[in-house]
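Shown next, in structure tokens, is the structure this report addresses.
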Amino acid sequence: MSDSSLTTARTTTARTTTVAATAAPVTARRTPSRRTHLTVRVLQIVLALFYVGASAAPKLAALPAAVESFDTIGFGHWFMYAVGVLELAGGIALVVPLLSGVSALALIGLMIGAFVVQLTSFDGENALTPLLLILPLALIARVRRNETARLVALVRARL
């Protein structure tokens, strides 16, 4: 190998290394620690139990307290069942690894709606509850963002 080709090879290797070193932080995704993963997993399970058992079940079973609340809102019983189905689906999806981040985002949207309804229909009586639920849901969405990106990539690949 001649000196000029050796110099060219070194320069090319140096450029490749420099480009790879500068590009790595931009494309690399930091994964949560094992402790964070387990903590968020427990949080997902607790919230899933809440949404399925304490929130969706009374609506889907048309318990008197739920019926009365939705009568006050004025949208009718269909809206109570729709919200119950959304909460049930969101609660179940919270424990499905690939869906957990998207589920948390969807439930945040539902809680924003619940907050607005609490302010407008119930004079802010329990308006703090949806806001408090948004905080752990936002944490789940943040920690599970890699799964959400993976889900988006899977959906795009099928289109």
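The values are calculated or read from the model by the stated rules, or taken from the named source; none is laboratory data. None of these values were measured; they are calculated from a predicted model. Cβ: placed from backbone, ideal geometry, glycine included. Neighbour counts: every protein chain shown. Keep in mind that these areas ignore ligands, DNA and RNA; they rest on the heavy atoms of the full protein, side chains included. Shrake-Rupley method; radii C 1.70, N 1.55, O 1.52, S 1.80 Å.
Name the single residue that is most open to solvent (accessible area, probe 1.4 Å) among those in segment 119-147 being among the polar types (S, T, N, Q) and either within 21 Å of residue 70 (Cβ to Cβ) or assigned to a loop (DSSP other than H, G, I, E, B) (or both).
For segment 119-147, the residue satisfying everything is 120.
May I ask you to list pairs of residues, at least six apart or on different chains, whose Cβ atoms are under 9 Å apart, with the first in segment 86-97 being over 11 Å from residue 52 (Cβ atoms) and the second being open to solvent by less than 60 Å² (accessible area, probe 1.4 Å)?
Note: pairs meeting the criteria are 86/56; 86/107; 86/110; 96/103; 97/144; 97/147.
For the subset of segment 75-85 comprising residues that are open to solvent by less than 30 Å² (accessible area, probe 1.4 Å) and touching a Lys or Arg at 6+ places or on another chain (Cβ under 8 Å), which member is farthest from residue 55 (Cα to Cα)?
80
Every residue in segment 94-130 that is among the hydroxyl-bearing types (Ser, Thr, Tyr) and farther than 18 Å from residue 39 by Cα, please.
Across segment 94-130, the qualifying residues are 120, 121, 129.
Conditions (1) open to solvent by less than 50 Å² (accessible area, probe 1.4 Å); (2) more than 18 Å from residue 135 (Cβ to Cβ); (3) aromatic (Phe, Trp, Tyr); (4) at pLDDT 95 or above, marked per residue:
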position	(1), (2), (3), (4)
39	no, no, no, yes
54	no, no, no, yes
67	yes, yes, no, yes
73	yes, yes, no, no
110	yes, no, no, yes
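Going residue by residue through segment 98-117, is there one that turns out to be of a type outside the set (A, V, I, L, M) and farther than 16 Å from residue 148 by Cβ?
Yes, that holds for at least one residue.
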